[in-house]
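Novice: Sharing a structure here in structure tokens format.
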Amino acid sequence: MLIDAHAHLDDEAFDGDRESVMKKIREKGMIVINAGSNIETSKFSVELSQKHDFIYACVGIHPHEAAKAGQNYLETLKQLAEYERVLAIGEIGLDYHYDFCDREIQKKVFAEQLELAKELGLPVVVHDREAHRDTLEILQKSGVKKGLMHCYSASLEMAEEFMKIGFYFSFGGTITFKNASRPKQAASKLPLDKILLETDCPYLSPEPRRGKRNDPTEIETIASALAKLRGVSIEEIERATASNVRNLFGRLTLTGGRNR
Ligand SMILES: [Zn+2]
Ligand SMILES: [Zn+2]
């Protein structure tokens, strides 16, 4: 079974035709884990998971949104996490590429949500863009034991450190880009039992559709790119990544999707 471990089907890019995209996903027999970026999209993510048996949700505040988190955001996230189809707190983390939000606020909101994940015994889904050192340091201090570095872009050496904490890594469209040597290196060298597939749609469409709207069915292109990088069959990638998703997200029951 192919699983898109990180998607944003709540994004306005899908407002015009979300139901037809959902139909396409259902027909493929896939599972999609949809990540919230703020309170509103976290709620929407939970709604999608209630409506479709092939969607699971994550709830969290993205670093871009950290300054707008609001007074009671932790309480709201806690309530949302009570839904059993919520698998993790995410996406959370640090983004020093865009710096849309003051770094100190990013760090504070990241650490607070890690604390919440620890309290709830849930894994986390982490966004780290050009903030590898601080991300690692905050995770090491947090006491969180399991999580996913989504769209992993740091070095193999740092991956060793993230693995010591208990982290997995997901790869998406970037492993099909010509100039993306780091993600390609990590995707080809990391242990296969630590790797997940993601689209991060509507962003990061794989080649040859780079720049166009991405959607979860592109996971097939990404799976085949990963198979090629590692010199194994797509079936092996499919089997390994599905089992990794199960190991990482304890709440996932895989009742949705077609069994194969
Ligand atoms: Zn992200
Ligand atoms: Zn994302």
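The values are calculated or read from the model by the stated rules, or taken from the named source; none is laboratory data. Quick caveat, the model's predicted, so the values are computed rather than measured. Methodologically, a virtual Cβ is constructed for each residue, glycine included, from the backbone with ideal geometry; neighbour enumeration extends over all protein chains shown.
Novice: If you take the residues of region 171-187 that are in contact with a helix residue (DSSP H, G or I) (Cβ under 9 Å, 6 or more places away or on another chain) and among the hydroxyl-bearing types (Ser, Thr, Tyr), which of them is surrounded by the most Cβ atoms within 10 Å (Cβ to Cβ)? Even if it seems obvious, please write down each step before you answer.
Specialist: Within region 171-187, the subset in contact with a helix residue (DSSP H, G or I) (Cβ under 9 Å, 6 or more places away or on another chain) is 171-177, 180, 182-187.
Applying the additional criterion that residues be among the hydroxyl-bearing types (Ser, Thr, Tyr) yields 174, 176.
Numbers: Thr174: 22, Thr176: 25.
In this case the residue turns out to be Thr176.
Novice: Moving on to the next point. I'm checking my understanding of the structure. Among residues of region 49-79 that are surrounded by fewer than 20 Cβ atoms within 10 Å (Cβ to Cβ) and of a type in the set (A, V, I, L, M, F, W, C), which one is nearest to Ala131 (Cα to Cα)?
Specialist: This residue is Ala67.
Novice: State all residues of region 144-162 that are surrounded by 18 or more Cβ atoms within 10 Å (Cβ to Cβ), in a loop (DSSP other than H, G, I, E, B) and not β-branched (Val, Ile, Thr); if no residue qualifies, say none.
Specialist: Scanning region 144-162 gives Lys146, His150, Cys151, Tyr152, Ser153, Ala154.
Novice: Here's another thing I want to ask about it. Could you please find all residues in region 89-131 being of a type in the set (Gly, Ala, Ser) and either at pLDDT below 95 or not in a strand (DSSP E or B) (or both)? Walk me through how you get there before you give the answer.
Specialist: Narrowing region 89-131 to residues of a type in the set (Gly, Ala, Ser): 90, 93, 111, 117, 121, 131.
Across region 89-131, the qualifying residues are Ala111, Ala117, Gly121, Ala131.
Novice: A further question on this structure: Of all residues in region 243-260, how many are buried (at least 19 other Cβ atoms within 10 Å of the Cβ) and at pLDDT 95 or above?
Specialist: Counting residues in region 243-260 that are buried (at least 19 other Cβ atoms within 10 Å of the Cβ) and at pLDDT 95 or above gives 4.
Novice: Need the failing condition index for Gly60 against (1) farther than 21 Å from Gly173 by Cβ; (2) away from ligand 2 (no atom under 16 Å from the Cβ); (3) not hydroxyl-bearing (Ser, Thr, Tyr), just the number.
Specialist: Against the list (1) farther than 21 Å from Gly173 by Cβ; (2) away from ligand 2 (no atom under 16 Å from the Cβ); (3) not hydroxyl-bearing (Ser, Thr, Tyr), Gly60 comes up short only on (2).
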